[in-house]
Amino acid sequence: MPPKSGHGGDVYRLARDKGIPVSDIIDFSSNPNPLGPPSWLRDVLSSAISHISHYPDPACTGFIKALSKCFDVSPETLIPCNGTSELIYALPRVVERQQALIPSPAYIDYRRAALLAGLQVEELVLSDEHNFQPDLEVLDKKITPHHLVFLGQPANPTGVLCDPSALRALAEQHPKAVFVIDEAYIDFIEGGSAFSLRSAQPDNVIVLYSMTKTFSIPGLRLGAGFASAPVARRLREHMAPWNVNALAQAVGEKALFDADYIERTTRFVNRQREHMAAELRKIPGLRVYPSQANYLLLRSDRPGLDAKEIAAKLLDHRLLVRNCDNYTGLDSRYFRLAVKNKGQTERLLAKLRTIFGKVPAQRKPSKRAAAIMVQGTNSNAGKSILCAALCRIFKQEGYRVAPFKAQNMSLNSHVTLDGGEMGRAQALQAAACGIEPETRMNPVLLKPSSETGSQVILLGQPLGHMGYGAYSELKEEMLDKIHGAYDDLAGEYDAVIIEGAGSPAEINLKARDVVNMHMAEYADAPVLLVGDIERGGVFASFVGTMELLTEAERARVAGFVINRFRGDASLLVSAIEYMKARTGCPVLGTIPFIRNLGLPEEDSVSLKDRPSRGPTGNPDMLDIAVIDLPHISNFTDFDPFVIEPDVSLRMVRSIDELSSADVIILPGSKNVIEDLEHLRKTGIASRILGLARDQKSICVGICGGYQILGEGIADPSGVESSGGRESRGLGLLGLTTTLRPQKTLVRTEATHIPTGLKASGYEIHHGRTTCDDMSPLWRKEDGEILGTESTDGRIWGTYLHGVFDDDAFRRWFIDEARRSRGMAPAGRILAHFEIDSELDRLSTTVRDSLNMEAIFALLKNR
């Protein structure tokens, strides 16, 4: 009886035996492309699936046409197949030879197929001392006209390659013998090309080409043979009808012309294989054989430690390798490893070093934090807040945890203790971790200054204003900085919670991605995909996002999180079950809408979503109107007012909404001159002036808003605008501002001169402001004036961001404004703006809403 076919890659049996998901297994035992399927695969399958109600084209017309064009060969010489195994088993029955000659070790199905067809099999055992390189002179002496000769090019499991011209000469010397050249792994060879003998292929040669390996589609099965027209015709006649399904044919027609994918594959495999081999050779007792393919053959020379035991020990860590003791010419010492990505390879290397009891002396075991990444179906889905919650939860569990976001686009920034600028969201997440914010947590911050350009902040310091094109040219430099910042954090903490940006499925931006799936891959982080159900269409968003991800990216998604749900969660059960069936990913929890959460919003999207409106008309509520500038920045300055019970805070976007207001606040701006022009064009500027001069409104300006209240603003260096522009201010305060390239970035504390109350916060501004006959209002410890007011105190401004965070000053300000409008003051603090207690409230809600056991397991399995 022929031997049973034994292969690597049986992850399904292993998963059943171990009681674990298939996705938990890292399979080094089979050799498909480590890059995973091409990014277009799902699109092609989705398009082709509408045709599966029809039988597939039995002639594979489109696929054969594509093969013919791609390799410049006649269609009559091609044999499409359901993976090259189909041809391997058909060939011995069709070519009518009595014997098979197989240089071994070799792919085990050559022998099995020959035996099943009744052929006598002779295996020419190759020399270990010569790295199993076939000796073509010895082979030449063995070949008779009765032989069917099988040769892997490169060979499996050794990865050795023969000279194509020498193979051609050998075939020409034995025209009666039939040669099967198996090029299943040829695309992984630098300079390799399928059907390598096609320019002058002898009639007695049949070449096999497996697209299953190259395009990482072993579950789809696709390949082709190339032979003389008479042989090809006979082989096609022996194939079962419809042997290549419609989906595989569609994929084949697309795949053959994806030269970029094959080029990237070859480059990656060769680089990664050499790195892998070099590290393995440092392990004493382990021999690594040279290979040109996407796998390596190894031999354990450690007494008492054979391949079976090594495989068992690795299996305990869910690493599957190929024990090679069923290959002729190999014994229980040999095993094979496929080339995988960097993270998977490092995990394998670490375990092998432990098994062999050796860590290279020149290389200390580097600590690298486990990571979880939160991505969203869209902006403002709740990524930042969920990251903050996870940071607090892991801190409560005893982890030393830090946040990270590779690139943030926001006008809401924070100043670190050392004077660096970073995203406000990561500062909040650092607070949730109980650590001081630092710019490594957000190495790149983009602060939009126009519709097409942003100020680029790199590791806390301004790099300059750039359009998208100029910034894209710096991608490699940015990646180096991002990776370095992440590596530093990951080397210091137990866990890192990584936040994505926007959506990972923005197909127009994916090629330049540095913040979503690129970062997940770099950190080897599982991804939680969060969607906002309040916006509607959350399940469609989940499915749509998954459909636009590559297979490797989809594999990183560990589960979905539904955010901001109101109502009865049982109504979601059927949809949650569908999501698991449709995508293979579970919904890991549903977070309820959390009312009055006193935490800064992640970006201005939330602010823009706040309804703009006119006065409430409630005589007991102080009406505070914040002008929604087009380039509004650091909008969290006003968050503390939300928790005050006697204040109505609203956004104003039109003159009709500003018929009256007790207090008007002009916020910070990233482009003060353009925002001033906006105020004038909309008529809002005139309305503010009227309300201020009639003493119907108190007017306050923060940072850029402070500059707008002055007499004029000049930008001679083009810091925020082009052409060295100038603009008149509103003229409500006697001050002028000049924007300078040098940016002030400092944490500070100042005293409110009229009351002696203190407030702490930070400064972020390019402006240098001079005052004429204005009353100083805020003074720093060194005597520097940080804000001024009008003589009657009804118009004032400051550069101090966070001025209203202080409970005592905020209540004083509210009460004074109430008195000026004839309302009764509270006379005491009514609300406390406490970030820490709100973070605890958030973490409790999220902990109760998510499957935390599954989420903790994501870290532990890394």
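Residues of the range 65-78 include none that is touching a Gly at 6+ places or on another chain (Cβ under 7 Å), touching a residue at least 60 places away in the same chain (Cβ under 8 Å) and part of a loop (DSSP other than H, G, I, E, B). Looking only at residues in the range 39-71 that are buried (at least 16 other Cβ atoms within 10 Å of the Cβ) and of a type in the set (Phe, Trp, Tyr), which one is nearest to the chain's Cα centre (by Cα)? Residue satisfying both the conditions and the ranking: PHE63. Checking each residue in the range 484-511 for being farther than 20 Å from CYS387 by Cα and assigned to a helix (DSSP H, G or I) picks out GLY484, LYS510, ALA511.
Give me the residue from the range 704-718 that is assigned to a loop (DSSP other than H, G, I, E, B) and open to solvent by less than 10 Å² (accessible area, probe 1.4 Å) and, out of that set, nearest to ASP662 (Cα to Cα). Steps first, answer last, please.
Filtering the range 704-718 for residues assigned to a loop (DSSP other than H, G, I, E, B) gives 709-711, 715-718.
With open to solvent by less than 10 Å² (accessible area, probe 1.4 Å) added as a condition, the list becomes 709-710, 715.
Values: LEU709: 17, GLY710: 21, ASP715: 32 Å.
Per the criteria, the residue is LEU709.
Residues of the range 156-184 that are assigned to a loop (DSSP other than H, G, I, E, B), closer than 16 Å to LEU124 by Cα and without any contact (Cβ under 8 Å) to a residue 60 or more places away in the chain: CYS162 alone.
Residues in the range 383-415 that are closer than 30 Å to GLU451 by Cα and at pLDDT 90 or above: LYS383, SER384, ILE385, LEU386, CYS387, ALA388, PRO403, PHE404, LYS405, ALA406, GLN407, ASN408.
Taking helices (runs of 4 or more DSSP H) as the structural unit, those lying wholly within the range 533-601 and holding at least 1 residues that are of a type in the set (S, T, N, Q) correspond to 538-547, 573-583.
For residues that are among the β-branched types (Val, Ile, Thr), surrounded by 13 or more Cβ atoms within 10 Å (Cβ to Cβ) and out of contact with any His (no Cβ under 8 Å at 6 or more places or on another chain), tally how many sit in the range 762-795. Going through the range 762-795 one residue at a time, the tally reaches 4. Taken together, the criteria exclude ILE102 from residues that are buried (at least 23 other Cβ atoms within 10 Å of the Cβ), of a type outside the set (Ser, Thr, Tyr), touching a Gly at 6+ places or on another chain (Cβ under 6 Å) and assigned to a strand (DSSP E or B). The set of residues in the range 266-289 being of a type outside the set (Gly, Ala, Ser), open to solvent by 30 Å² or more (accessible area, probe 1.4 Å) and out of contact with any Ser or Thr (no Cβ under 9 Å at 6 or more places or on another chain) consists of ARG267, PHE268, ARG271, GLU274, ARG281, LYS282, PRO284. Name the single residue, out of those in the range 332-355 being farther than 17 Å from ALA369 by Cα and among the β-branched types (Val, Ile, Thr), that is least open to solvent (accessible area, probe 1.4 Å). For the range 332-355, the residue satisfying everything is VAL339.
Sort out which residues of the range 555-603 are basic (Lys, Arg), surrounded by fewer than 15 Cβ atoms within 10 Å (Cβ to Cβ) and farther than 30 Å from PRO37 by Cα, and write them in order of number.
ARG566, ARG595
Of the residues that make up the range 451-471, is at least one under 17 Å from the mean Cα position of the chain (by Cα) and either aromatic (Phe, Trp, Tyr) or open to solvent by less than 50 Å² (accessible area, probe 1.4 Å) (or both)? No, the range 451-471 contains no residue that is under 17 Å from the mean Cα position of the chain (by Cα) and either aromatic (Phe, Trp, Tyr) or open to solvent by less than 50 Å² (accessible area, probe 1.4 Å) (or both).
Under the condition of being surrounded by fewer than 23 Cβ atoms within 10 Å (Cβ to Cβ) and hydroxyl-bearing (Ser, Thr, Tyr), the residues counted in the range 672-703 number 2. Within the range 157-209, restricting attention to residues that are in contact with a Leu (Cβ under 7 Å, 6 or more places away or on another chain) and acidic (Asp, Glu), which residue is surrounded by the most Cβ atoms within 10 Å (Cβ to Cβ)? Taking the candidates together, the pick is GLU183. Within the range 73-84, can one find any residue that is surrounded by fewer than 19 Cβ atoms within 10 Å (Cβ to Cβ), at pLDDT 95 or above and either of a type in the set (Lys, Arg) or farther than 30 Å from ALA259 by Cβ (or both)? No, that holds for no residue.
Here GLY159 clears all of (1) touching a Ser or Thr at 6+ places or on another chain (Cβ under 6 Å); (2) modelled with pLDDT under 95; (3) of a type in the set (Gly, Ala, Ser) except the condition numbered (2). Scanning the range 716-759 for residues that are aliphatic (A, V, I, L, M) and touching a residue at least 40 places away in the same chain (Cβ under 8 Å) returns VAL719, LEU730, LEU732, LEU733, LEU735, LEU739, LEU745, VAL746, ALA750, LEU757, ALA759.
The values are calculated or read from the model by the stated rules, or taken from the named source; none is laboratory data. Please read these numbers as outputs of a predicted model, since none were measured by experiment. No Cβ is skipped: glycine too gets one built from the backbone with ideal geometry, and neighbour counts run over all protein chains shown. All accessible areas refer to the heavy atoms of the entire protein, side chains included, with ligands and DNA or RNA removed. Shrake-Rupley method; radii C 1.70, N 1.55, O 1.52, S 1.80 Å.
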